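Inspection log for the structure reproduced underneath, given as structure tokens.
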Amino acid sequence: MRVVQDENTIGDFWFTVRAGNGKTVAQSEMYTTRRDAIRGARSTIRLFTPTVPVRFTYFDERSGGELRLVSEDVQ
């Protein structure tokens, strides 16, 4: 299973839950901050782990405003 945090250029943040075959099975509400979207995604991940391994992909804002894409396996 994959949980992916995403965002658009107007400041909306959300996450999707995707099955192993890539099909989207759930999409979150819209959040006003990246931090809240990541927090919501982590809460959702806790519902599945440790039974189902999850790959979580999200944007991490580094000092200076630079974004980097991070992927981690959650078990």
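What pairs come up if the first residue lies in region 1-19 and is over 20 Å from ARG46 (Cβ atoms), the second is surrounded by fewer than 16 Cβ atoms within 10 Å (Cβ to Cβ) and modelled with pLDDT of 95 or more, and their beta carbons are under 6 Å apart, counting only those six or more places apart or on different chains?
Going by the 6 Å Cβ cut-off, the qualifying pairs are ASP12/MET30.
Name the strands (runs of 3 or more DSSP E) wholly within the chain that hold at least 2 residues that are of a type outside the set (A, V, I, L, M, F, W, C) and loosely packed, with under 15 Cβ neighbours inside 10 Å?
24-27, 54-61, 67-74
Limited to region 9-45, what total is found for residues that are closer than 19 Å to GLU61 by Cβ and out of contact with any strand residue (DSSP E or B) (no Cβ under 9 Å at 6 or more places or on another chain)?
Here the count works out to 3.
Residues being more than 9 Å from the chain's Cα centre (by Cα) and within 21 Å of GLN75 (Cα to Cα): count how many of those fall in region 1-22.
Final tally of qualifying residues: 6.
The values are calculated or read from the model by the stated rules, or taken from the named source; none is laboratory data. Values in this document were obtained by computation on a predicted structure and should not be read as measured data. Heads up, the Cβs are rebuilt from the backbone with ideal geometry, glycines too, and the neighbour counts pull from every protein chain shown.
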